[in-house]
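The structure under discussion appears below in the form of structure tokens.
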Amino acid sequence: MWQKVTGLILKKSRTRDNDQLLTVYTKELGKIMVYGRGAQKLTSRRLGALDTLNYVQLVVKEFGHSYSLREVSLKSSLQSLKQDYDKKKHLLLIVEIIDKLTSFNQQDPPLFKYLHVFLKKQADQSLSSNELFNQTIELLRVMGYSLPPKTIRSWVTLEQYIESLSQKSLQSRQL
């Protein structure tokens, strides 16, 4: 059964010749893996919409532990965020936190709502580094993690805390 889902593309990777494997955080299903057959072909209608950090509507069908992609429509490319280096860096950190600290197929409406509001705020106004820091802490709270407020005072300590939760180093630190 095909179903429509709305979500943010967290990451993508190329598989085989012209296929893509996407990690998408959706409103309806939580974090899912989506297999897009032929999505990397130059003639594919889906190629432009399937970019990391795009907000999309997908038509998918469950296929084992992942989903197969039938259609995609771009809702927002978040271009204003992608063009600003600092905004993109913080957005990639938020996306990486969601990717590393959420399980597949676990629906979390408050987290999706938070992500949607955060992206809208970021696109509409430029948040200061301090505001982004507070938003990142709020994201962790929405995800169910409690923070000892006295120990987390800088980006470095916050990133170390996130790495201790995921037991993996953050790739977005290297940007």
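Any read-out appearing in this document is the output of simple, stated calculations on the displayed coordinates, not a laboratory observation. Worth saying up front: this structure is predicted, and the values here are computed from it rather than measured. All Cβ positions, even for glycine, are placed from backbone atoms using ideal geometry, and neighbour counts span all protein chains on display.
Of I162, V72, L119, whose Cα points farthest to the positive end of the dipole of the chain (charges on the beta-carbon: +1 Lys, Arg; -1 Asp, Glu; origin at the Cα centre)? Most positive-ward Cα: V72. Available extension along the chain between S80 and V59 is 5.0 nm, counting 0.36 nm per residue and deducting the alpha carbon span.
From the coordinates of this entry, Rg and Dmax of the Cα atoms in Å is computed, and it appears in (1) 16.4, 54; (2) 15.2, 47; (3) 18.9, 65 under the label (1).
Placing +1 on the Cβ of every Lys and Arg and -1 on the Cβ of every Asp and Glu, with no other charges, gives the chain a dipole of roughly 340 debye about its Cα centre. For the chain, the longest principal axis of the Cα atoms and the long axis of helix 85-101 meet at an angle of about 80 degrees.
Our helix-only sum for the chain, with -39,500 (n - 2.57) per DSSP H run of n ≥ 4 divided by its residues, gives a mean residue ellipticity at 222 nm of -11500 deg cm²/dmol.
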